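A.B. asks: Provided herewith is a single structure, encoded as structure tokens, for subsequent inquiry.
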Amino acid sequence: MAKVVDLSAPPTSKNRFGVKVIWEQYSVIFAFIVLVVLASVLSEHFLSVANITNVLRQISIVGIISVGMTFVIILGGIDLSVGSILALSGMVIMAAQVTYHLPIGISILLGLAMGIILGLINGFMITYGKITAFIATLAMMTIARSLALYYADAGAISGMNSNYAKIGNGYLLGIPYPVLIFAFIVLISFVVLEKTVFGRHIYAVGGNRQSARLSAISVIRVTIISYMICGFTAAIGSIIETSRLNSISTSSSGNMYELDAIAAVIIGGASLSGGRGRIIGTLFGVLILGVLSNVMNLLNISPYLQGVVKGLIIIAAVMLQKKE
């Protein structure tokens with residue numbers, strides 16, 4: 001089980017090597033290692049190359065969305081609309097190719113633009129509209145899904161472009177493209193959050209919004225850009241989702257992705273109250289959920305019960321946060 005850790009504050013030189021500090025900083029990684037060892041003991045198929053590759057490919061979409069969600073949660077917000085943004089962006093990508101016969105590159109750019117615009121609207125509703133993040137993104141969730149359902153008449157849009165399908169199904173040096181895209185997004189986001197002024201401003205706003213404002217940080221700008229990043233990562237997820245099947249289902253694509261993303265970020269050590277969390281923690285939160293789902297499938301545990309396990313882990317993570 002993943003222990004909630006404070007990955008946002010590096011240890012001081014005085015206590016950097018203390019056992020307690022090491023445990024607090026890296027316990028989510030220890031939890032992942034224990035889970036992998038346990039999974040390999042319970043199933044002889046777990047450590048096969050094919051299975052590991054399959055796990056990494058399966059977590060890539062939720063992983064990319066979770067990276068964007070990390071920005072928002074560190075900021076002290078939440079985004080419930082990422083699953084619907086994925087569906088609407090995917091609908092735009094497929095409609096551009098199938099209905100309007102646009103090139104793949106332009107279709108992808110339109111899908112990414114849709115995700116960014118919806119994130120921008122979320123940011124405006126929260127900052128200028130003074131609507132709580134929960135309500136604003138809940139409204140966006142229903143609006144985006146409804147638009148996708150209306151355009152496709154609640155059905156699917158399918159294409160026949162084999163080149164586009166390579167994005168979700170192709171390999172580079174034996175590694176699936178979705179995994180490489182996920183790794184690239186993690187790397188870029190790590191640099192932005194850890195090494196840039198904008199990243200420090202996100203932590204400052206999440207830690208104390210009023211103090212950040214008094215420190216001449218543009219809270220509105222930081223908030224809007226963070227929600228745009230979240231919408232952008234959801235749109236990237238839509239590219240992988242649609243290219244894997246060369247299709248988008250406006251009714252089911254992206255369903256419950258927002259909850260998986262939030263769970264991964266929380267398990268990775270981020271605080272729902274803001275100001276704390278790291279991309280590395282989110283990465284291992286995603287890996288823990290992916291391995292957990294995989295080993296339950298290998299053990300033929302009913303999919304109807306798998307949600308119980310995930311729910312208990314989320315509850316435990318939040319309770320540990322309160323304890324800290």
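The values are calculated or read from the model by the stated rules, or taken from the named source; none is laboratory data. Not measured: the values here are computed from a predicted model. Every residue, glycine among them, receives a Cβ derived from its backbone with ideal geometry; neighbour counts consider all protein chains shown. For accessibility, only protein heavy atoms count, side chains too; no ligands or nucleic acids. Shrake-Rupley method; radii C 1.70, N 1.55, O 1.52, S 1.80 Å.
A.B. asks: How high is the FRET efficiency between Leu102 and Ala316 when r is their beta carbon distance and R₀ equals 45 Å, given to the nearest 0.05? Walk me through the numbers on the way to the answer.
C.D. replies: Numbers: r = 47 Å, r/R0 = 1.05.
Calculated value: 0.45.
A.B. asks: I've got another one for you. Once you charge only the Cβ atoms, +1 for Lys and Arg and -1 for Asp and Glu, what is the size of the charge dipole of the range 170-319 about its Cα centre, to the nearest 20 debye? Can you show the working numbers first?
C.D. replies: Numbers: 9 positive and 4 negative charges, 102 e Å.
Computed charge dipole of the range 170-319: roughly 500 debye.
A.B. asks: Ok, one more. Output the DSSP H helices from the chain with an along-axis C-alpha extent of no less than 20 Å and a mean Kyte-Doolittle hydropathy no less than 0.5. Intermediate results must be reported in sequence, preceding the final value.
C.D. replies: Working: long enough: 19-42 (31 Å, 2.03); 49-74 (35 Å, 1.69); 82-98 (23 Å, 1.91); 104-127 (34 Å, 2.16); 133-151 (27 Å, 1.41); 177-195 (26 Å, 2.15); 219-245 (40 Å, 1.31); 279-298 (28 Å, 2.00); 303-323 (31 Å, 0.98).
Counting only whole DSSP H runs, the qualifying helices are 19-42, 49-74, 82-98, 104-127, 133-151, 177-195, 219-245, 279-298, 303-323.
A.B. asks: Same structure again: Using label points projected 7 Å from each Cα along Cα→Cβ, tell me how many nm separate Phe30 and Tyr150, to one decimal.
C.D. replies: Spacing of the two 7 Å Cα→Cβ label points: 5.3 nm.
A.B. asks: Here is a further query. Measure off 7 Å from each Cα along the Cα-to-Cβ vector at Asn255 and Ile175, then give the distance between these two points in nanometres to one decimal.
C.D. replies: With each label placed 7 Å out from Cα toward Cβ, I get 3.3 nm.
A.B. asks: Separate question: Which entry is the computed volume of the Cα convex hull per residue in Å³ for this structure: (i) 146; (ii) 162; (iii) 202?
C.D. replies: Recomputing volume of the Cα convex hull per residue in Å³ here gives the entry labelled (i).
A.B. asks: Ignoring ligands, DNA and RNA, what accessible area per residue does the chain give at 1.4 Å, in Å²? Mind dumping the intermediate values first?
C.D. replies: Details: 15100 Å² over 324 residues.
Value for the chain: 47 Å² per residue.
A.B. asks: Under a point-charge model restricted to the Cβ atoms of Lys and Arg (+1) and Asp and Glu (-1), what is the dipole moment magnitude of the chain relative to its Cα centre, in debye to the nearest 20? Provide the component values of the computation, followed by the final result.
C.D. replies: On the way: 19 positive and 10 negative charges, 180 e Å.
Magnitude of the dipole: close to 860 debye.
A.B. asks: List the relative contact order of the range 100-200 as a percent without decimals, with contacts defined as Cα pairs under 8 Å and 6+ residues apart.
C.D. replies: Working: 29 pairs, mean separation 10.9, N = 101.
For the range 100-200, the relative contact order is 11 percent.
A.B. asks: May I ask for the equivalent-ellipsoid semi-axes of the range 204-324, computed as the square root of five times each C-alpha gyration tensor eigenvalue and listed largest first in whole Å?
C.D. replies: Square roots of five times the eigenvalues give 30, 22, 10 Å.
A.B. asks: So what's the convex hull volume per residue for the Cα atoms of the range 149-249, in Å³? Walk me through the numbers before you get to the answer.
C.D. replies: Values: hull volume 12.7 nm³, N = 101.
Convex hull volume per residue, Cα atoms: 126 Å³.
A.B. asks: How large is the Rg to Rh ratio of the range 70-135 when both quantities use alpha carbon positions and Rh follows Kirkwood?
C.D. replies: On the way: Rg = 14.1 Å, Rh = 12.9 Å.
Taking Rg over the Kirkwood Rh, I get 1.09.
A.B. asks: A follow-up question, please. Computed FRET efficiency, Cβ-Cβ of Asn208 and Ser162, R0 51 Å: what is it to the nearest 0.05? Display every interim value, and only then the final one.
C.D. replies: Numbers: r = 52 Å, r/R0 = 1.02.
Rounded to the nearest 0.05, the efficiency is 0.45.
A.B. asks: Once you keep just the Cα pairs under 8 angstrom separated by 6 or more residues, what percentage relative contact order results for the range 254-324?
C.D. replies: Working: 51 pairs, mean separation 19.9, N = 71.
Relative contact order of the range 254-324: 28 percent.
A.B. asks: Output the relative contact order of the chain, whole-number percent, from Cα pairs under 8 angstrom with separation of 6+ residues.
C.D. replies: Numbers: 565 pairs, mean separation 112.2, N = 324.
About 35 percent, as a whole number.
A.B. asks: Hey, another quick one. Just the Cα atoms of the range 275-324: what Rg and Dmax do they give in Å?
C.D. replies: Radius of gyration, then largest Cα-Cα span, for the range 275-324: 12.8, 39 Å.
A.B. asks: Would you calculate, for the chain, the mean residue ellipticity at 222 nm contributed by helices, counting each DSSP H stretch of 4 or more residues as -39,500 (n - 2.57) and dividing by all residues, to the nearest 500?
C.D. replies: Mean residue ellipticity at 222 nm (helix-derived): -24500 deg cm²/dmol.
A.B. asks: Further, regarding this structure: Is the range 27-73 rounded, prolate or oblate when judged by the Cα gyration tensor, a ≥ b ≥ c being the square roots of its eigenvalues, rounded requiring a/c under 1.5 and prolate requiring a/b larger than b/c?
C.D. replies: It is oblate, given that a/c is not under 1.5 and a/b is not larger than b/c.
A.B. asks: Could you calculate the contour length gain from Val49 to Ile131, that is, 0.36 nm times the residue separation minus the distance between their Cα atoms, to one decimal place in nm?
C.D. replies: On the way: separation 82, 0.36 × 82 = 29.52 nm, distance 4.73 nm.
Value of the extension gain: 24.8 nm.
A.B. asks: So if we plug the beta-carbon distance of Lys195 and Val37 into 1/(1 + (r/R0)^6) with R0 = 35 Å, what FRET efficiency do we get, rounded to 0.05? Can you show the working numbers first?
C.D. replies: Details: r = 33 Å, r/R0 = 0.95.
Calculated transfer efficiency: 0.60.
A.B. asks: Could I ask something else about it? Obtain the nm distance between the two label points defined at Ala216 and Gln306 by a simple spin-label model: each point lies 7 Å from its Cα along the Cα-to-C-beta direction.
C.D. replies: If labels sit at Ala216 and Gln306, their model points lie 5.2 nm apart.
A.B. asks: Here is a follow-up. Tell me the carbon and sulfur percent of the accessible area for the chain, rounded to whole percent, probe radius 1.4 Å.
C.D. replies: Details: 10500 of 15100 Å².
Carbon and sulfur: 70 percent of the exposed surface of the chain.
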